[in-house]
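Q: Here it is, the structure, as structure tokens.
The values are calculated or read from the model by the stated rules, or taken from the named source; none is laboratory data. Every value quoted in this text rests on a predicted model; they were computed, and no experiment measured them. Glycine also receives a Cβ, built like all others from the backbone with ideal geometry; neighbour counts cover every protein chain displayed. Remember, those area values only see protein heavy atoms, side chains included, never the ligands or the DNA or RNA. Shrake-Rupley method; radii C 1.70, N 1.55, O 1.52, S 1.80 Å.
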Amino acid sequence: MSAPVETDRLSPAPEGGLPDRLPVLALSQLVVFPHVVVPISVTAPQLVAAVNRTVETHKHLLLGVVRPQGGGELPQGVLDTVAPDALYDAATLSVVVRLLRLGDGTLRMLVQGMERVRLLDVQAGADEGLSARFEPIASTVTDPLRTEALRRSVTGQMEKVIEMTPTLSAELREVLAGITDPGKLADFVAANIDLAPEAKAELLGTGDVTARLERLGALMTQELQVLEVGSQISEKVKSRLDEHQREYVLREHLKIIQEELGEGGPEGEAGELLKKLEAAKPSEEALKAGRRELERLGRMAPQSAEYQVAHTYVEVLAGLPWSVLTEDRLDIAHAREILDRDHFDLEKVKDRIIEYLAVRFLNPEAHGSILCFVGPPGTGKTSVGQSIAQALGRSFVRMALGGMRDEAEIRGHRRTYVGALPGRIIQLLQRAGTRNPVFMLDEVDKLGADFRGDPTSALLEVLDPAQNHAFVDHYVEVPFNLSDVMFIATANTLATVPPPLIDRMEVLELPGY
């Protein structure tokens, strides 16, 4: 901005009448009311010349209001070129009280509204901008009692607006309390609240003070409703921000306390998860996947949904028995004793189980067929599996396959889905706490299939010794070794068991009672 070269503190306007025609400044999105002082900048050369001439004589200007244009919103301030019919009839007779001339020819001035007038015979000069004749708009009070009631109502509404609007100065309340004239009050309030230029132009052209206060009261009622809604929204946003900020501060304090007690590393919760993951001694691929998720975890806000997804995933990885193996009890006599204790008769079945266990004791690396107990309900199929687990000293887990139609029950859900979970195989191994439990697949004859997939195909992979050493659950997404698990299946009948699944198993029939 150019430096000011001259400042005029203007003396009062000379006494006497004003010329018939006065220069008109066309204001866009700005309405100047009587008794209000506003700053205005003039840049157009023809307008600067007109202002300079009026300052040298009577110092009075007419401030007109430009009507809204259909082509879009006009810039705020004084417009350089405006058609005479583009102005509202109502205008403000104003006096220039201070003038500042800048080096680039721009004029900065303070003008004070004197009275509301009506424009007559607006003309556009070739080099002087707009000029017009004018006549005063008389302020009248038609109903003094109603006017006083409206004055008090508008005063109360304005106090509420000042209280609810941060941009309005608190000093306005003191100025408001000192205004007793209804007309001046209406002009003061209209000048200081956020109203559309059309509404302000309507108020400027209303001479009846009672009607002006009525219209202003209706406009302020709408403004208060908007402010109340905005205040409610701001309060809700603020409360949420305060809640998140409080949570953030508490988490930071918790980290510092944990560091002082030696219970938490610099990474906080992510550091604790990393310790758990490393303590589980997972495969190199699983450890790499867990560290990658922990890095993402450190960059996310704890309030985000992705944070909980990543946190749960690492917890599942850390909770799997990657390196926990139960040592088998290699005692055939003890195994026979437990089978005889728990099951009367079933000699052929018990003999075959003892042979099966003896082969595993002699060659632990061998992976033979899967035992499948077939018989009516209640013949002891599940309890025989429990006895085998007790004889070996292993954990025992059971998965009911009856009515299962969703392949994800075995392979797990992908983490892209809301509420994703690992498959039942991984969940039960996590519950068993060991990598080599006795795992009973109950009622394989009741497996189904529909549009969600075929659980039988997933089960074939689980039971295949050539594949199950690198079983990939869709949720975990890294291979897990199932080759040390002793799978035992049960069925009520072989008629509904798929042939490929029967080929993977050695069938032992348990007769009915």
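Q: Peptides 52-62, 19-29: what's the order by average Cβ count within 10 Å, highest mean first?
A: Values: 52-62: 17.1, 19-29: 19.7.
Most protected by this proxy first, the peptides run 19-29, 52-62.
Q: Place a label point 7 angstrom from the Cα of Lys276 along the Cα-to-Cβ direction, then list the residues of the range 309-335 whose backbone nitrogen is under 15 Å away.
A: Under 15 Å, as judged by backbone N against the label point of Lys276, lie 309-322 of the range 309-335.
Q: Peptides 491-504, 307-320: what's the order by average Cβ count within 10 Å, highest mean first?
A: Working: 491-504: 14.9, 307-320: 18.7.
Packing order, densest peptide first, comes out as 307-320, 491-504.
Q: Here is a further query. Among the aspartates and glutamates, select those whose C-alpha is under 16 Å from the C-alpha of Lys281, and discard any that sit fewer than 8 residues away in the same chain.
A: Glu272, Glu315
Q: Something else: Any idea what angle helix 209-261 forms with the longest principal axis of the chain, computed on alpha-carbon atoms, 0 to 90 degrees, nearest 10?
A: 40
Q: Under the rule a/c < 1.5 gives rounded, and otherwise a/b versus b/c splits prolate from oblate, where does the range 363-513 land using the Cα gyration tensor? Numbers along the way, then the final one.
A: Working: a/c = 1.70, a/b = 1.26, b/c = 1.35.
Because a/c hits 1.5 or more and a/b fails to exceed b/c, the range 363-513 counts as oblate.
Q: To continue, here is another question. Using helices alone, what [θ] at 222 nm do you get for the chain, with -39,500 (n - 2.57) per DSSP H run of 4 or more residues, divided over all residues and rounded to the nearest 500?
A: Numbers: 16 runs with 220 residues, N = 513.
So the helix-based figure for the chain works out to -14000 deg cm²/dmol.
Q: Right, here's the next one. Averaging sequence separations of C-alpha pairs under 8 Å and six or more residues apart, then dividing by the length of the range 35-177, give the relative contact order as a whole percent. Please report the intermediate quantities before stating the final value.
A: Numbers: 191 pairs, mean separation 32.8, N = 143.
Worked out over the range 35-177, it gives 23 percent.
Q: Could you size up the charge dipole of the range 292-376 around its Cα centre, putting +1 on the beta carbon of Lys and Arg and -1 on that of Asp and Glu, and report it in debye to the nearest 20? Could the numbers behind the result be given before it?
A: On the way: 10 positive and 15 negative charges, 55 e Å.
Here the size comes out at about 260 debye.
Q: Turning to a different aspect of this structure: The chain: D in µm²/s via Stokes-Einstein (Kirkwood Rh, Cα pairs, 4 °C, 1.567 mPa s)?
A: Numbers: Rh = 31.8 Å.
The Stokes-Einstein estimate is 41 µm²/s.
Q: What pairs from Lys59/Lys184; Lys160/Lys236; Lys350/Lys446; Lys160/Lys238; Lys184/Lys238; Lys200/Lys238 go past 29 Å between their alpha carbons? Don't jump to the answer; show the numbers that get you there.
A: Working: Lys59/Lys184 23 Å; Lys160/Lys236 20 Å; Lys350/Lys446 26 Å; Lys160/Lys238 21 Å; Lys184/Lys238 38 Å; Lys200/Lys238 33 Å.
Correct reply: Lys184/Lys238; Lys200/Lys238.
Q: I've got another one for you. Using only alpha carbon pairs under 8 Å that are at least six residues apart, calculate the relative contact order of the chain and give it in whole percent. Don't jump to the answer; show the numbers that get you there.
A: Numbers: 857 pairs, mean separation 55.8, N = 513.
This gives 11 percent for the chain.
Q: Lys348: which lysines have alpha carbons under 19 Å from its alpha carbon, excluding same-chain residues fewer than 8 sequence positions away?
A: Lys381
Q: Under the classification rounded if a/c is under 1.5, otherwise prolate if a/b is larger than b/c and oblate if not, where does the range 49-118 fall, given a ≥ b ≥ c as square roots of the Cα gyration tensor eigenvalues? Could the numbers behind the result be given before it?
A: Values: a/c = 2.27, a/b = 1.36, b/c = 1.67.
Cα axes put the range 49-118 in the oblate bin.
Q: So, by mean Cβ neighbours within 10 angstrom, what's the order for 146-155, 473-482, 336-345 with the highest one leading? Please report the intermediate quantities before stating the final value.
A: Values: 146-155: 17.2, 473-482: 19.3, 336-345: 14.3.
Going from most to least packed, we get 473-482, 146-155, 336-345.
Q: How would the range 106-152 be classified by its alpha-carbon gyration tensor: rounded, prolate or oblate, with rounded meaning a/c under 1.5 and the a/b versus b/c comparison settling the rest? Could the numbers behind the result be given before it?
A: On the way: a/c = 5.58, a/b = 2.08, b/c = 2.68.
Oblate, since a/c reaches 1.5 and b/c is not below a/b.
Q: Now for a separate question. Each residue of the range 374-385 in order: what ³J(HN,Hα) in whole Hz does its phi give by Karplus 6.51 cos²θ - 1.76 cosθ + 1.60, θ = phi - 60°, with x for Gly and Pro?
A: Calculated HN-Hα couplings, in order: 10, x, x, x, x, 8, x, 5, 5, 5, 5, x Hz.
Q: How tilted is helix 305-319 with respect to the longest principal axis of the chain? Cα atoms for both, answer in degrees (0 to 90, nearest 10).
A: Tilt relative to the chain: about 20 degrees.
Q: If you don't mind, another one. Accessible area per residue, 1.4 Å probe, Å², for the chain: what's the number? Let's see the in-between values first.
A: Values: 26840 Å² over 513 residues.
Heavy-atom SASA per residue in the chain reads 52 Å².
Q: Quick one: helix 269-279 against the long Cα principal axis of the chain, what's the angle to the nearest 10°, folded into 0 to 90?
A: That helix lies at roughly 20 degrees to the long axis.
Q: Using label points projected 7 Å from each Cα along Cα→Cβ, tell me how many nm separate Ser483 and Leu102, to one decimal.
A: 8.3
Q: Now for a different question. So for the chain, taking the charge dipole from beta-carbon charges (+1 Lys/Arg, -1 Asp/Glu), which of Thr147, Tyr417, Ala449 sits furthest toward the positive end?
A: Among Thr147, Tyr417, Ala449, the one farthest towards the positive end of the dipole of the chain is Thr147.
Q: Right, another one. Taking all protein chains as present, what is the carbon and sulfur share of the accessible area of the chain, in % to the nearest whole number, probe 1.4 Å? Mind dumping the intermediate values first?
A: Working: 13930 of 26840 Å².
So the carbon and sulfur contribution to the accessible surface is 52 percent.
Q: Using +1 at the C-beta of Lys and Arg and -1 at the C-beta of Asp and Glu, which of Gly385, His58, Leu463 has the Cα lying farthest in the positive direction of the dipole of the chain?
A: My answer, from the dipole projection, is His58.
Q: What distance in nm separates the two pseudo spin-label positions at Thr434 and Glu174, each 7 Å out from Cα along the beta-carbon direction?
A: 8.5
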